[in-house]
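Input: a single structure, listed below in structure tokens.
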Amino acid sequence: MSDESLKDISFYNCQFIKSSFQFANLVSCVFENCTFSNCNLALAKLKNTNFIDAEFIDSKLLGVNWSSVRVVIVASFVNCLLDSSSFSDMNLAKMKFVSCSMIEAAFTNTKLTRVKFDDCDLARCLFSGADLSFADFSTSRNYYMDAESNKLHKTIFSLPEAVSLLGNLDIELK
């Protein structure tokens, strides 16, 4: 399906294994109870597409603008490449990201309550105006977020990574 366009197609209970949707244009599609395993969705365009109870495992999702997805209801990403992806202006409450590379991903005005970032590389990720209440970063690394421009209520961090939260303050650590 690389470079192809799909419009108004629904997939229910499907398994996509080693499938390529690279550069694909998915418009108003529905993926419900679907699993994507070892798939390539790099730079796919997902306009008004729904992902309901979707699982992405060992998949390449580089540069995807998830913000153009209509609805994401409970999805999980395990061992995926999500570098340079945008999750802005979305409700991602209770999502799970496990062992994912999310370098330079953007989370602007995103609801990330109770999201689990388990063993993720969050280098140069942008968190701005995000609600990170009860989110768990305890096993992730390389994150930085401005504590003043994001909501950090009962957010879980671990040392030494949590020291990065002091980066925007005019202080000196010894």
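The values are calculated or read from the model by the stated rules, or taken from the named source; none is laboratory data. The model shown is predicted, which means the values in this text are computed figures rather than measured ones. All Cβ positions, even for glycine, are placed from backbone atoms using ideal geometry, and neighbour counts span all protein chains on display. Side chains included, ligands, DNA and RNA excluded: accessible areas come from the protein's heavy atoms. Shrake-Rupley method; radii C 1.70, N 1.55, O 1.52, S 1.80 Å.
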Quiz item: All but one of (1) under 25 Å from SER128 (Cβ atoms); (2) open to solvent by less than 20 Å² (accessible area, probe 1.4 Å) hold for PHE36; which doesn't?
Solution: (1)
Exercise. Among what's in the stretch 45-58 and is open to solvent by less than 30 Å² (accessible area, probe 1.4 Å) and modelled with pLDDT under 95, pick the residue that is nearest to GLN22 (Cα to Cα).
Key: LEU46
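When you check SER28 against the structure, is it under 14 Å from PHE77 (Cβ atoms), of a type in the set (Gly, Ala, Ser) and either at pLDDT 95 or above or surrounded by fewer than 16 Cβ atoms within 10 Å (Cβ to Cβ) (or both), yes or no?
So SER28 does not fit the description; no.
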Quiz prompt | Unmet criterion (only one of (1) of a type outside the set (Ser, Thr, Tyr); (2) closer than 19 Å to SER86 by Cα; (3) assigned to a loop (DSSP other than H, G, I, E, B)) for PHE127 | solution = (3)
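Within the stretch 104-118, identify whether any single residue is of a type in the set (Gly, Ala, Ser) and within 25 Å of SER158 (Cβ to Cβ), and answer yes or no.
Yes, the conditions are met somewhere in the stretch 104-118.
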